[in-house]
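Following: one structure in structure tokens, then a few remarks.
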Amino acid sequence: MPRLERRPQPSKAMMFASPLIAAVLMLVTGYILFSIMGKDPLQAFWVFFIKPLTTSYGISEWLLKSTPLILCGVGLAIGFRARVFNIGAEGQFTMGAIAAGGVALYFYNTEAFWVLPLMMLAGVLGGMAWAAIPAFLRTRFNTNEILVTLMLVYVAQLFLGYLVQGPWRDPEGFNFPQSKMFTDVETIPALIEGFRVNWAFIVALVLVAVSWFFSFKMFAGFRMEVSGQAPDAARYAGFSEKRNVWFALLISGGLAGFAGMAEVAGPIGQLQPTISPGYGFAAIIVAYVGRLHPLGVLLGSLLLSLLYLGGDTAQMDLNLPSAITGLFQGLLLFYLLAADIFIHYRLKPKQSEPRTTFMPPPEPEGDIT
């Protein structure tokens, strides 16, 4: 049986080409699946990947859906580079939305310009506070941040459900589990009149540039990368692992919280039991498709947001289930991880051990008396 052997030096060219290879394999698999389901694959690809971008409204929705993915993906990429694996951006997204929504409801009748900036600050702090829990547990008790951040997602979602069905329910909302609609001063202005994409997209682009500068031009970014790539060297150089853990989780949590705030103060306009179709989890795919590089995260976000938009179009035009979006996301991640295995490892035939034959001892010469 062949075995995996680590390559002495992974190919840098293949590292950047593997996302494209994974995308092509995703399309090939999609072609086969559409054929099995009795759909014309070429028509399905047109509906899924091209049709949403044929109108100005479709492009604006594409950019709108990419905004939370960019914000969450940039923060996660910073942590992943330091080998701090925050899997709970979905929960931090939710807590940021809750914090921002609480400010909006508290100052509901206040027509002041500072309400929206206060909501932004609350969203960031809400996400950071939720990320501080696994940071404390990791640095104090050495717990696994993957499990803690993931479990906290469900706590945040249940807390949101309690609020919109209980103390924050709109008394004039016909008993629906939702809060009041936010006022005009509590919503992010549209970037283009008549479309839903708002100024949060521009903020996301600015944060991509800030993330690039931090990661490649600042000593703090270098320190975090060294801690992730060579932890022994980082400890020898005196880099604090605890500080990196706190910084990575707070940054990723704060950006996820801001994304949650932008969602409820943007296209949704209120708090509901479900405010995210899984942006926090999809951002993990975005970070790895983008190779943990800010520009790659931007491109990966545009691809994943197109999958969300195409999935909605496919449901209406082809009567496909909503799970088709998750299927394509899963295929993309599967093929990307498979490609990464062969970038870092190679198959080597297992060498069979030489067979030994029994050799009887030589007979003694002469008579033995």
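Counting every alpha-carbon pair across region 199-293, the share separated by more than 19 Å comes to 53%.
Based on every Cα atom in the chain, Rg and the maximum pairwise Cα distance Dmax equal 25.9, 119 Å.
For the chain, the share of accessible area belonging to carbon and sulfur comes to 66 percent (1.4 Å probe, ligands and nucleic acids excluded).
Placing R0 at 35 angstrom, the Cβ-Cβ distance between Val185 and Thr274 gives a FRET efficiency of 0.85 after rounding to 0.05. Loop-located GluC sites (Glu not before Pro) in region 59-143 (DSSP state other than H, G, I, E, B) with a sparse environment of at most 13 neighbouring Cβ atoms within 10 Å: Glu111.
With an 8 Å Cα cut-off and a minimum separation of 6 or more residues, compute the relative contact order for the chain in percent. That works out to 34 percent. Leaving out ligands and nucleic acids, and using a 1.4 Å probe, what accessible area per residue does region 37-87 come to in Å²? Accessible area per residue, region 37-87: 37 Å². The alpha-carbon of Lys39 sits under 23 angstrom from the alpha-carbons of these lysines, leaving out residues fewer than 8 places away in its chain: Lys51.
The values are calculated or read from the model by the stated rules, or taken from the named source; none is laboratory data. As the structure is a computational prediction, the values presented were derived from the model and not from experiment. Every residue, glycine among them, receives a Cβ derived from its backbone with ideal geometry; neighbour counts consider all protein chains shown. Ligands, DNA and RNA are excluded from the accessible area calculation, which covers all protein heavy atoms including side chains. Shrake-Rupley method; radii C 1.70, N 1.55, O 1.52, S 1.80 Å.
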